[in-house]
Amino acid sequence: MADTPAIHIRDLVVGFGEKIILDHLDLDVNGGEILGLVGASGGGKSVLMRTLVGLLPKRSGQIDFAGDSDDERRWGVLFQQGALFSALTARQNIQFPLRECARLSPVLLDEIANAKLEMVGLTREDGDKYPSELSGGMTKRVALARALALDPSLLFLDEPTSGLDPIAAGEFDALIRTLHRTLRFTVFMVTHDLNSLQAICDRVAALADGRIAAIGRLSSVLKSDHPWVQAYFHGARAQKLGLGN
Ligand SMILES: Nc1ncnc2c1ncn2[C@@H]1O[C@H](COP(=O)(O)OP(=O)(O)OP(=O)(O)O)[C@@H](O)[C@H]1O
């Protein structure tokens with residue numbers, strides 16, 4: 001499984017007006033791995049993720065997913081800030097993709113949502129709460145439960161630990177790792193969190209100048225001589241984590 005690309009991207013160009021954001025980008029995401037994507041703020045990480053999930057058009061290039069047809073693809077997406085529907089309870093948010101994609105009885109919908117709540121470390125009672133009643137960490141967990149609603153084979157995470165304190169961020173990383181080990185999905189994760197890169201990513205890809213400047217295990221990316229990669233991984237914050245020595 002590990003050698004099958006879950007996502008195969010070649011020569012991808014995405015831009016807005018005159019501005020080119022992704023400039024002939026190549027990337028393979030291996031089946032079953034957790035790939036962490038880092039890059040400068042405004043460098044195009046979210047644009048890449050939104051293009052992969054079909055929310056932005058590409059100018060040119062090729063994006064192929066493992067699996068034979070659109071019907072066989074099961075994706076989950078966790079957007080930055082969770083992006084829950086504020087008028088729906090946590091449980092209704094989790095049920096939303098199920099209602100869109102399958103005709104299930106109300107009893108079964110509740111059972112599935114309760115199982116997903118438990119999976120992400122929340123209770124049935126939490127399912128009755130509205131997003132305004134949830135802490136930042138709980139919001140991320142509900143958003144993750146919603147992303148898991150359709151039992152995805154591919155999970156897209158956009159800065160899953162942003163806005164969380166270090167303890168909550170560490171717990172969320174551990175949750176993703178545990179779910180990944182158990183459910184064996186592929187993860188494409190945009191992150192600024194150096195701890196997450198160290199703790200849960202199998203490989204790291206660095207986006208710079210609209211392309212993947214370095215990719216591989218964190219230890220090999222650290223050795224890249226690309227100027228942005230050097231600055232990112234050998235800066236003061238990285239040094240504090242013992243990276244880039
Ligand atoms: N819909 C859009 N229309 C026009 N420009 C856009 C659009 N979406 C993103 N951009 C531009 O594309 C560039 C890349 O944005 P993107 O959100 O992908 O950056 P990022 O790497 O995710 O940054 P950050 O780490 O700060 O979240 C930015 O210059 C942004 O202004």
Using alpha-carbon pairs under 8 Å, 6+ residues apart, how would you state the relative contact order of region 138-239 in percent?
20
Heavy-atom SASA rank of 21, 7 (probe 1.4 Å, accessible area, largest first):
21, 7
In whole angstrom, how far apart do the alpha carbon centroids of region 129-179 and region 181-205 sit?
13
So for 201, 101, what's the accessible-area order with a 1.4 Å probe, most first?
101, 201
For the pair residue 83 and residue 225, how long in nm is the line joining their label points, each one 7 Å along Cα→Cβ?
4.0
Summing +1 for each Lys or Arg and -1 for each Asp or Glu, what net charge is found among the other residues whose Cβ lies under 14 Å from the Cβ of residue 142?
+2
Kindly express, to the nearest 10 degrees and within the range 0 to 90, the angle between helix 136-147's C-alpha long axis and the longest C-alpha principal axis of the chain.
80
Heavy-atom accessible surface of the chain: percent carbon and sulfur, 1.4 Å:
50
Relative contact order for the chain: what is it in percent, counting Cα pairs under 8 Å that are at least 6 residues apart?
25
Over the chain, with a single point scatterer placed on each C-alpha, what log10 of the ratio I(q)/I(0) does the Debye formula yield at q = 0.07 1/Å?
-0.24
If I fit a long axis through the Cα atoms of helix 90-101 and take the longest principal axis of the Cα atoms of the chain, what angle between them do I get, 0 to 90°, rounded to 10?
80
With springs connecting C-alpha atoms under 10 Å apart, model the chain as a Gaussian network and identify which of 40, 208, 90 has the largest mean-square fluctuation.
40
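The values are calculated or read from the model by the stated rules, or taken from the named source; none is laboratory data. All values derive from a computational prediction rather than experimental measurement. So basically every Cβ, Gly included, is an ideal-geometry build from the backbone, and we count neighbours across all protein chains shown. For the accessible areas, the whole protein counts, side chains as well, though only heavy atoms, and no ligand, DNA or RNA atoms are used. Shrake-Rupley method; radii C 1.70, N 1.55, O 1.52, S 1.80 Å.
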